[in-house]
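*Asks:* Here it is: the structure, laid out below.
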Amino acid sequence: DKGNHRHFMEKEIYEQGEVVSHTLANYLDFAGGRVKPDTSGIDFAALDRLAISACGTAYYAGLIGKYWFERFARLPVEIDVASEFRYREMPLTGTMAALFITQSGETADTLASLRYCKAQGVRIGSVVNVVESTIARESDAVFPTLAGPEIGVASTKAFTCQLSVLASLAMIAGRARGTLSDADEKAMVQALVEAPRLFNQILNTIQPQIEALSRELSRFKDVLYLGRGTSYPLALEGALKLKEISYIHAEGYAAGELKHGPIALIDETMPVIVIAPHDRLFEKTVSNMQEVAARGGQIILITDAAGAKASTLKTMATIVLPEVSEIVAPILYALPVQLIAYHTAVFMGTDVDQPRNLAKSVTVE
Ligand code: M6R
């Protein structure tokens, strides 16, 4: 049932405040402002390495997780798309664990990667939405996302719930490894607990602006997404979402890679969507935006009030989100990224919930 919504994708975008809150409550003690004691049986303190493997949007969630595990838990992470992981004959050891991220829990390549690790005695954790799935059943520890059934082929609420679980796990690991201070843990938990309340307010505020912008975007054949730090995987996710449902060619790049190639493409026919909260990397990203502007590229900037103020460049649109802590930013910045793809596809008249050639769950290689 789509309720008042035109598509399941729209319904699922608007459900995110609720399901993210529900998911976080499974891992965080809201009242105490701490992470809950971990009962997964994965001894994060004893690990020297974590290998993450997933496909598509779940892989991009994992990429953001890597930044968090390394920064907050000082735990080195290797991450691959599952179709590469399963064949690359990575040396495995008993002092590592493997983490698989999947909405359906049935993705063929992810399952094959899991079985590869399991056969070599590596401990298996999985971040799964469908808890009755094969991947959940074959894991030693299951970290559920409580997103509820996701019907739209384009993953939205599963992604923000995956990020919520990964943020929580990075804190759990940080605590186990003694690398996360009490003060930082409390500040991060509080920021996460308060975030879901902002979702509907943000969606309602930016919706008219994004709907208007999407009409303009629908005229273009190519779109470039740029981001730095945890905004880089979001750039990849934005490009995937736009390709998937609007069929406009889009690419995501690390902002710092611009001058190593994609800058050659910049002209007035390829808009550049820059995801840049006003964080410690903002100034660097602004200099990449200047390079785009100097070549006649049109910029769509997704930032916060401080970022909008600090950048004096002319933009096609500036989408302003609330100023939030670094751990919350990727979860909130997913919202405009999803809405841009959604409204562009709706305007172009594509089959948003069932895009051509795609399956919700890819159970064959
Ligand atoms: O069920 P899974 O999370 O394992 O699926 C992985 C990908 O197939 C999936 O995220 C795909 O990329 C989505 N259609 C993206 O919107």
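*Asks:* So which of 93, 107, 39 ends up being out of contact with any Asp or Glu (no Cβ under 7 Å at 6 or more places or on another chain), buried (at least 24 other Cβ atoms within 10 Å of the Cβ) and hydroxyl-bearing (Ser, Thr, Tyr)?
*Replies:* When all the criteria are applied, what remains is 107.
*Asks:* Kindly list the number of the only condition in (1) touching a strand residue (DSSP E or B) at 6+ places or on another chain (Cβ under 6 Å); (2) within 15 Å of residue 302 (Cα to Cα); (3) not charged (D, E, K, R) that fails for residue 203.
*Replies:* (1)
*Asks:* Of the conditions (1) more than 23 Å from residue 55 (Cα to Cα); (2) in contact (Cβ under 8 Å) with a residue 40 or more places away in the chain; (3) of a type in the set (A, V, I, L, M); (4) buried (at least 22 other Cβ atoms within 10 Å of the Cβ), residue 331 satisfies every one except a single condition; which number is it?
*Replies:* Every condition holds for residue 331 apart from (1).
*Asks:* Ok, one more. Being hydroxyl-bearing (Ser, Thr, Tyr) and surrounded by fewer than 16 Cβ atoms within 10 Å (Cβ to Cβ) is the filter here, so list the residues in segment 267-317 that pass it.
*Replies:* If the condition is that a residue be hydroxyl-bearing (Ser, Thr, Tyr) and surrounded by fewer than 16 Cβ atoms within 10 Å (Cβ to Cβ), then 269, 287, 312 are the ones that fit.
*Asks:* Ok, one more. Hey, any hits in segment 143-151 for a residue that's more than 18 Å from the chain's Cα centre (by Cα), more than 11 Å from the ligand (Cβ to nearest atom), at pLDDT 95 or above and within 25 Å of residue 47 (Cβ to Cβ)?
*Replies:* no
*Asks:* Take the residues in segment 334-346 that are crowded, with 22+ Cβ neighbours inside 10 Å and among the β-branched types (Val, Ile, Thr); name whichever of them is farthest from residue 17 (Cα to Cα).
*Replies:* My answer is 344.
*Asks:* Looking only at segment 318-328, count every residue that is within 15 Å of residue 206 (Cβ to Cβ) and surrounded by 16 or more Cβ atoms within 10 Å (Cβ to Cβ) and tell me the total.
*Replies:* Residues in segment 318-328 being within 15 Å of residue 206 (Cβ to Cβ) and surrounded by 16 or more Cβ atoms within 10 Å (Cβ to Cβ): 5 in total.
*Asks:* Whether any residue in segment 350-361 is within 16 Å of the ligand (Cβ to nearest atom), surrounded by 21 or more Cβ atoms within 10 Å (Cβ to Cβ) and assigned to a loop (DSSP other than H, G, I, E, B) is what I want to check.
*Replies:* Going through segment 350-361, the residues within 16 Å of the ligand (Cβ to nearest atom) turn out to be 350-361.
Still in the running and surrounded by 21 or more Cβ atoms within 10 Å (Cβ to Cβ): 352.
Then drop every residue that is not assigned to a loop (DSSP other than H, G, I, E, B), which leaves 352.
Checked segment 350-361: at least one residue is within 16 Å of the ligand (Cβ to nearest atom), surrounded by 21 or more Cβ atoms within 10 Å (Cβ to Cβ) and assigned to a loop (DSSP other than H, G, I, E, B).
*Asks:* State the number of residues belonging to segment 118-129 that are within 15 Å of the ligand (Cβ to nearest atom) and outside any strand (DSSP E or B).
*Replies:* So the count comes out to 1.
*Asks:* The conditions are (1) farther than 30 Å from residue 85 by Cβ; (2) within 16 Å of the ligand (Cβ to nearest atom); (3) not in a loop (DSSP other than H, G, I, E, B), and residue 292 fails exactly one of them. Which is it?
*Replies:* So residue 292 meets the others, but not (2).
*Asks:* Out of 310, 341, 329, report the one residue that is within 22 Å of the chain's Cα centre (by Cα), away from the ligand (no atom under 12 Å from the Cβ) and closer than 21 Å to residue 226 by Cα.
*Replies:* Numbers: 310 fails: within 22 Å of the chain's Cα centre (by Cα); 341 fails: away from the ligand (no atom under 12 Å from the Cβ).
The match here is 329.
*Asks:* If a residue must be within 16 Å of the ligand (Cβ to nearest atom), touching a helix residue (DSSP H, G or I) at 6+ places or on another chain (Cβ under 8 Å) and among the hydrophobic types (A, V, I, L, M, F, W, C), how many such residues does segment 236-285 contain?
*Replies:* 6
*Asks:* Can you name every residue in segment 265-284 that is part of a helix (DSSP H, G or I) and within 25 Å of residue 221 (Cβ to Cβ)?
*Replies:* So the first thing to find is which residues in segment 265-284 are part of a helix (DSSP H, G or I), and the list is 265, 282-284.
The one that is part of a helix (DSSP H, G or I) and within 25 Å of residue 221 (Cβ to Cβ): 265.
*Asks:* Within segment 5-117, which strands (runs of 3 or more DSSP E) (wholly inside it) include 3 or more residues that are within 16 Å of the ligand (Cβ to nearest atom) and either without any contact (Cβ under 8 Å) to a residue 40 or more places away in the chain or of a type in the set (Gly, Ala, Ser) (or both)? Walk me through how you get there before you give the answer.
*Replies:* Details: elements: 49-54, 77-81, 96-102.
Those strands (runs of 3 or more DSSP E) span 77-81.
*Asks:* Identify the single condition in (1) in contact with a Pro (Cβ under 7 Å, 6 or more places away or on another chain); (2) touching a residue at least 60 places away in the same chain (Cβ under 8 Å) that residue 237 does not satisfy, given that it satisfies every other one.
*Replies:* (1)
*Asks:* Give just the number: which of (1) in contact with a Pro (Cβ under 9 Å, 6 or more places away or on another chain); (2) within 16 Å of the ligand (Cβ to nearest atom) does residue 335 not satisfy?
*Replies:* Condition not satisfied by residue 335: (1).
The values are calculated or read from the model by the stated rules, or taken from the named source; none is laboratory data. Since this is a predicted model, take the numbers as computed values, not measurements. Counting neighbours? That spans all protein chains shown, and the Cβs are built from the backbone with ideal geometry, glycine included.
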